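See below for the structure under consideration.
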Amino acid sequence: MTSGSAYGTEAATRAALHVAAVLGSEAPVAAIILGSGLGGLVERFADSRAISFKDVPGFPSATIVGHSGKIISGKLAGRPVIALAGRFHMYEGHDAALAGFPVRVLHALGARTLFVSNAAGGIRRTFRGGELMLIRDHINLTFRNPLIGSLEQGDDRFPDMSDAYDAHLCDRLRAHALALGTALEEGVYGGLLGPSYETPAEVRMLAALGVDAVGMSTVPEVIVARARGMRVAGVSCVTNAAAGYAGHPLSHEEVLGVSQSVRERFEPLVERFVANL
Ligand code: HPA
């Protein structure tokens with residue numbers, strides 16, 4: 001049974017038909033979601049084509065600074081990929097289902113492997129701004145779930161999350177980082193609603209819960225990907241020490257500046273990942 005919901009399978013199929021008409025219909029070997037300040041990866045795409053979020057049926061327009069709000073197709077390391085530069089956050093007032101909807105569209109476009117990235121605050125005491133963290137697992141601290149509602153056609157009603165971040169893909173990312181001489185920490189991503197940053201007391205709580213890096217995205221996307229049976233891998237760009245550790249107030253400008261400075265480590269890692277899929 002399908003719900004025909006605004007952000008369900010049928011809506012995703014409609015959106016994908018339009019996107020494929022603009023970008024071409026070659027099935028991507030991977031879909032890539034680019035976090036705040038990480039959108040520069042698309043400059044490495046050959047034969048790139050783009051469509052603005054506002055032109056995708058079913059998408060609202062992206063507003064946040066640092067997010068151009070585009071779906072971009074092209075060749076990375078000679079292989080067809082599709083990327084989202086920008087995403088929908090729940091702190092913008094969007095439902096969890098909308099935050100996960102672009103992943104339904106990527107799946108409808110043929111992607112079966114999803115690479116997620118984000119900017120995150122470092123909860124682990126040793127994390128400094130600029131660190132890359134392989135996401136080994138997440139904790140959903142938004143207490144919202146994009147799958148709530150009628151079962152969507154093709155979704156798993158109760159998706160297994162024990163291997164949400166695919167162990168085999170994690171192994172490959174570790175190997176790629178080693179080969180590139182790129183330091184890659186690993187840990188647990190804690191997804192919060194935002195948009196306020198955490199208080200120092202919340203940061204201590206997150207540490208006690210086993211969170212290594214904290215952010216305001218990713219979780220709904222990964223849950224939808226798992227419900228669709230996609231393999232997921234991901235990297236957090238730790239842009240700052242979490243509140244109370246840094247000795248100065250956090251700002252979105254700091255987050256954007258640092259994530260742009262990790263480009264020369266982040267981009268070759270993703271490129272090599274795609275080349276070897
Ligand atoms: N907290 C939450 N989200 C973030 C942070 C942070 O410190 N840095 C970048 N995104």
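Over the Cα atoms of the stretch 83-240, what Rg and Dmax result, in angstrom?
15.2, 46
Please compute the length gained on full extension between Leu17 and Ser5, using 0.36 nm multiplied by the number of residues separating them and subtracting their Cα-Cα distance.
Working it through step by step, the gained length comes to 2.6 nm.
Nothing charged except the Cβ atoms of Lys and Arg (+1) and of Asp and Glu (-1): what's the magnitude of the dipole of the chain about its Cα centre? Round to the nearest 20 debye. Numbers along the way, then the final one.
Working: 25 positive and 27 negative charges, 70 e Å.
Using only the charged Cβ atoms, the result is roughly 340 debye.
For the stretch 5-275, what is the accessible area per residue in Å², given a 1.4 Å probe and the full set of protein chains? Mind dumping the intermediate values first?
Numbers: 10670 Å² over 271 residues.
Value for the stretch 5-275: 39 Å² per residue.
Please sort 70-78, 117-125, 149-157 by packing, taking for each peptide the average over its residues of neighbouring beta carbons within 10 angstrom, highest first. Please report the intermediate quantities before stating the final value.
Details: 70-78: 20.3, 117-125: 24.9, 149-157: 15.4.
The densest-packed peptide leads the list: 117-125, 70-78, 149-157.
Leaving out ligands, DNA and RNA, what percent of the accessible area of the stretch 69-109 is carbon and sulfur, probe 1.4 Å? The partial results should precede the final answer.
On the way: 410 of 920 Å².
After summing per-atom areas, the C and S share lands at 45 percent.
All other residues with a Cβ under 14 Å from the Cβ of Gly154 taken together, and with Lys, Arg as +1 and Asp, Glu as -1, what is their net charge? Could you put the intermediate results ahead of the total?
Details: positive: Arg104, Arg112, Arg157, Arg226, Arg228; negative: Glu10, Glu152, Asp155, Asp156.
That works out to +1.
Let me have the relative contact order for the chain, percent, based on Cα pairs under 8 Å that are six or more residues apart.
Working: 598 pairs, mean separation 72.5, N = 277.
The normalised contact order for the chain reaches 26 percent.
Taking K and R as +1 and D and E as -1, what net charge do the other residues with C-beta under 12 Å from the C-beta of Val219 add up to? Numbers along the way, then the final one.
Details: positive: Arg87, Arg144, Arg226; negative: Asp137, Glu221.
Neighbour charge sum, excluding Val219 itself: +1.
Quick one, what does Rg over Rh come out to for the chain if you take C-alpha atoms and the Kirkwood Rh? Mind showing how you got there, number by number?
Numbers: Rg = 17.4 Å, Rh = 18.5 Å.
We get a ratio of 0.94 for the chain.
Taking Cα centroids, how far is the stretch 170-205 from the stretch 247-269 in Å?
13
Could you give the angle, 0 to 90 degrees to the nearest 10, between helix 252-261's Cα long axis and the longest principal axis of the Cα atoms of the chain?
So the inclination is approximately 80 degrees.
For Ser251 paired with Glu92, estimate the spin-label separation in nm (one decimal), with each label point 7 Å from Cα along the Cα-to-Cβ line.
It is 2.4 nm.
Would you tally the net charge around Gly74, using a Cβ to Cβ cut-off of less than 9 Å, leaving Gly74 out, and scoring K and R as +1, D and E as -1? Numbers along the way, then the final one.
On the way: positive: Arg44, Arg49, Lys75; negative: Asp47.
Computed value for this residue: +2.
Run the accessible area of the stretch 125-200 with a 1.4 Å probe and give the carbon-and-sulfur part as a rounded percent. Mind showing how you got there, number by number?
Numbers: 2200 of 3980 Å².
The value for the stretch 125-200 is 55 percent carbon and sulfur by accessible area.
For Ile139 and Ala275, FRET efficiency with R0 = 22 Å and r from the beta-carbon atoms, rounded to 0.05? If you can, show how the numbers build up before the last one.
On the way: r = 32 Å, r/R0 = 1.43.
The pair Ala275/Ile139 has a calculated efficiency of 0.10.
Report the convex hull volume per residue for the stretch 1-150, counting only C-alpha atoms, in Å³.
Working: hull volume 19.3 nm³, N = 150.
Output value, Cα hull per residue: 129 Å³.
Just to be sure I understand: of the beta bridges DSSP finds with both ends in the chain, what percent are antiparallel, rounded to 5?
Values: 18 of 46 bridges.
Counting DSSP beta bridges with both partners in the chain, the antiparallel share is about 40 percent.
The values are calculated or read from the model by the stated rules, or taken from the named source; none is laboratory data. Every value quoted in this text rests on a predicted model; they were computed, and no experiment measured them. We place every Cβ from the backbone using ideal geometry, glycine too, and count neighbours over all the protein chains shown. Note: areas computed on protein heavy atoms with side chains; ligands, DNA, RNA excluded. Shrake-Rupley method; radii C 1.70, N 1.55, O 1.52, S 1.80 Å.
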